Amino acid sequence: MATLITKPFFRVLIANRGEIAVRIAQAVQEAGLQAVAVYSDADAMALHVEVADLAVRIGPAEAASSYLSVPALLEAAAVSGADAVHPGYGFLSENAEFAQAVTDAGLVWIGPPPEAIAAMGDKARAKDLMTAAGVPVLPGWQGQAQDVATLSAHAVQVGFPLLIKAVAGGGGRGMRVVSELDGFGEALASAQREAGAAFGRGDVLLERYVVGGRHVEIQVLADSAGDVVHLGERECSLQRRHQKIVEEAPSPAVDEDLRDRMGAAAVAAARAVGYVGAGTVEFLLEDDGRFWFLEMNTRLQVEHTVTEEVYGVDLVAAQLRVAAGGPLDLEQSELVPLGHAIEARLYAEDPAGGFLPQSGQILRWDGPELPGIRLDSGVRSGDAVSPFYDPMIAKVIAYGADREEARRLLVSWLQDAPVLGLKTNQAFLIELLSHPDVCAGAVHTTWVERNAAALLPDEDVAPELLALGALLLSLPDPVGARPWSSRGPSEWPVDVALGDGVRTLRVRHEGGADYLVSDGATTTNIAVVAEQGSALVVDLAGVQRRALYVQDDGLLHLVVPLLGSAWLRRPDPLDRMAALVAGDGRIKSPITGRVARVMVPVGARVARGDALVVVEAMKMEHHLVADADGAVVEVRVVMGDQVAAGDVVAIIEVEPG
């Protein structure tokens, strides 16, 4: 056995932000070491800064000038006296040049060797290495040529459906599924453009696309002496646009024999590149038990938590130990999964609006502390979700004796811990985790896309919820306010803006804490029982419930667990004026981002729904489309421009009629 090289360190700079920076800081401090946070101007008051021992500013909010700036990070290490760097995941975690720069600066890199990162970061080279190591690889094509004619010809040879996949990077960016040759060119251009923007390299490869396959990945750990073990598999098939939503361990589709075979392949993959530290080998699993290498993530994964819960191993602590030259101290025969863990990614996004990322302040968020629930988050109630970074709010992990116990616990927590002030995917996650197919574990990588419409929360607001909203809009303090007249019960109308319409309800105070609210068709009895922490306890039509709500700038966000949620407000006269100019041809960006493509010139005639401008934000491309037929008379942006939410990017002269 090779001799372990000891590289002691004491102060660890965490080159990341958010929940993973918090997670790493905790592990560093538990190991008796010091944690150094870095922050941009947008993160000066962030949780990961608060929990660290030291913190260093590294630049403005834009990631390119802060979290992606190698000079700024190395300067922060020097200023803080850090002698090691942990990259977390995302940002520069799989950047071989950054890893090399860290080691060249005399610091300990808490990750795999730069050579291993480079080998696996190039998807084409990685496939060649895996083939040589005997790891099953999907049929496809990879080469130097990147023109549409050459790639179209190879696409025909590979066969459809196929996957266009960025050679560099990961996380679902630069990936497109193509079902036929018609449309291949546009999908190729989009994938190359997205890959170039995300990774600085637009090269792609082609792979056979397996319809109905499962995404199953194996966690590996290796030390500098050459010892490698695997910690079983994670099921990551519930994903949208190649972005994972829910992950679990172990996989309901993997038995002990398959786990051994996939684990052996993952260990072989790690050995083939001289891997050190924690890494993940991703496979595509078919129904017949065949599995194919997809890629290796040379870093800690977002979903590492479920493996930790099931195997009882702190993966970050293992990373620290191995980076210091220590041994794994783990035997493969002893690594057996116990129980089941499921992780859901809670995002600030609008499922009903095409999952558009949201930014803004979390006005209220507090969930119950339940045995078996682990919450990894980088934000708290009152914090803001920045438009400059990934909109993840938290990872919620449930652990149970079996899969069903973990699933029920996770759903229960999500139902009782709504985020107020921002639109989130919380209701979507509850629907997803409650679907019979998901309960049975009968899913695949395209399952969410095929069932997305059925998983979207019902836009209809329950009468009881609307009635309570009307009461809260008219009486901001329903506990303290007791409108009453000596002539008897008082009654008043309340106009409520709901979506694009306005509803008029009547509120009648019956005395004490009792009210009747009618929308003309339904009358709801409401009794305000008490305030309970941040919740209001109300009796709605004879059923006592907890209501959570916040009012901000005239907008009421109301959530009643098991009944639903609603965004309500008193109508503004300007709303009606705005409605008169809907479809006026002023095309606005719904999100802060970078202009990736301008698709029409001035003078072009367009039809309603035609794509005009592509804005890239939060790892996704958003197509801004014409809201009316007409001619483009003005384009206010060019490729590379930064736009803010609400900025007008183009103007159409709308055709009459």
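The values are calculated or read from the model by the stated rules, or taken from the named source; none is laboratory data. Not measured: the values here are computed from a predicted model. Ideal geometry is used to build each Cβ from the backbone, glycine not excepted, and the neighbour counts take in all protein chains shown.
Inside the range 567-589, can you point out the residues that are part of a loop (DSSP other than H, G, I, E, B) and at pLDDT below 80? Matches in the range 567-589: Asp572, Val581, Ala582, Gly583.
Restricting attention to the range 202-220, the residues that are farther than 10 Å from Ala266 by Cα and either at pLDDT 95 or above or in contact with a strand residue (DSSP E or B) (Cβ under 7 Å, 6 or more places away or on another chain) (or both) total 11. Of all residues in the range 617-635, those that are assigned to a loop (DSSP other than H, G, I, E, B) and modelled with pLDDT of 85 or more total 4. One residue stands out among those in the range 392-419 that are assigned to a strand (DSSP E or B) and touching an Asp or Glu at 6+ places or on another chain (Cβ under 9 Å): the one that is farthest from Pro351 (Cα to Cα), which is Tyr399. Screening the range 508-549 for residues that are at negative phi and not in a strand (DSSP E or B) and picking the one that is modelled with the lowest pLDDT gives Ser534. Confirm whether Leu258 is at pLDDT 95 or above and over 20 Å from the mean Cα position of the chain (by Cα). Criteria met by Leu258. Considered as a group, the residues in the range 182-236 that are of a type in the set (Lys, Arg) and surrounded by fewer than 21 Cβ atoms within 10 Å (Cβ to Cβ) include one that is farthest from the chain's Cα centre (by Cα), and that residue is Arg208. When Gly512 is tested against (1) over 31 Å from the mean Cα position of the chain (by Cα); (2) buried (at least 16 other Cβ atoms within 10 Å of the Cβ), exactly one condition is not met: (2). Test Ile117 against the criterion of being modelled with pLDDT of 95 or more, under 27 Å from the mean Cα position of the chain (by Cα) and closer than 17 Å to Gly200 by Cα, and give yes or no. Criteria met by Ile117.
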